[in-house]
Amino acid sequence: SSEGMEGEHLKWWSTLDHDLVCKRFGDRLDASGAAKFCEIYRCKSNEIEWSKVPPIDLLHLDGNHGEKASCYDVKNVASKINGGGYLFMDDIFWASRATEMLDGLGFIEMYKMDTGAMFQRIK
């Protein structure tokens with residue numbers, strides 16, 4: 001998560017307890033009953049064999065905010081989202097180039113929420 005980060009962002013991401021964050025996420029997912037509908041990949045997105053990932057109806061994309069990583073994520077993840085499916089992208093202001101790519105990949109912005117936005121694939 002700290003790859004491509006600088007200054008305060010590098011400091012913050014480098015000291016984050018990723019194991020604790022992952023555990024809390026898993027606990028909340030289990031408690032909500034949604035775990036049976038989800039597939040979690042805990043790795044860098046370029047380590048995923050995207051050809052083996054099934055089509056996606058709803059995705060919350062909260063990856064590395066560096067330009068290279070966020071553009072890679074949008075390019076590879078967008079093609080996996082079904083027509084009519086949804087993508088919530090976190091921190092769109094930090095990953096502005098990646099966010100701009102969505103329009104050309106068949107997505108429309110539905111609404112902003114805090115630092116993110118919900119998009120729907122219409123093509």
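Contact annotation: no residue pair with Cβ atoms under 7 Å, 6 or more positions apart or on different chains, pairs a residue in the range 95-119 that is under 13 Å from ASP73 (Cα atoms) with a partner that is open to solvent by 20 Å² or more (accessible area, probe 1.4 Å) and at pLDDT 95 or above.
Yes/no matrix, rows are residues, columns are (1) under 15 Å from the mean Cα position of the chain (by Cα); (2) open to solvent by less than 90 Å² (accessible area, probe 1.4 Å):
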site: SER1; (1), (2): yes, yes
site: GLY7; (1), (2): no, yes
site: TRP12; (1), (2): no, no
site: LEU29; (1), (2): no, yes
site: ALA34; (1), (2): no, yes
site: LYS44; (1), (2): yes, no
site: ILE48; (1), (2): yes, yes
site: ILE56; (1), (2): yes, yes
site: HIS60; (1), (2): yes, no
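Of the set (1) exposed (fewer than 11 other Cβ atoms within 10 Å of the Cβ); (2) in contact with an Asp or Glu (Cβ under 6 Å, 6 or more places away or on another chain), all apply to ALA117 but (1). Name the residues in the range 90-113 that are outside any helix (DSSP H, G or I) and at pLDDT below 90, would you? Passing the criteria: ASP90, ASP91, ILE92, PHE93, TRP94, ALA95. Number of residues in the range 70-89 that are assigned to a helix (DSSP H, G or I), at pLDDT below 85 and open to solvent by 10 Å² or more (accessible area, probe 1.4 Å): the value is 0. Restricting attention to the range 14-27 and to residues that are part of a helix (DSSP H, G or I) and either open to solvent by less than 80 Å² (accessible area, probe 1.4 Å) or polar (S, T, N, Q) (or both), the residue that is farthest from TRP94 (Cα to Cα) turns out to be ASP27. Figure legend. Inter-residue proximity from the range 9-20: first residues closer than 15 Å to LYS44 by Cα, second residues at pLDDT below 85, beta-carbon distance below 8 Å, spacing 6+ or different chains. Indicated pairs: TRP13/SER1; TRP13/SER2; TRP13/MET5; HIS18/SER1. Here is a check on your reading of the model: is GLY83 on the phi > 0 side of the Ramachandran plot and of a type outside the set (Lys, Arg)? No; evaluated as a whole, the condition is false for this residue.
The values are calculated or read from the model by the stated rules, or taken from the named source; none is laboratory data. Worth saying up front: this structure is predicted, and the values here are computed from it rather than measured. Positions of Cβ are generated from backbone atoms using ideal geometry, with glycine treated the same way; all protein chains shown enter the neighbour counts. Calculation scope for accessible area: heavy atoms of the full protein, side chains included, ligands and nucleic acids excluded. Shrake-Rupley method; radii C 1.70, N 1.55, O 1.52, S 1.80 Å.
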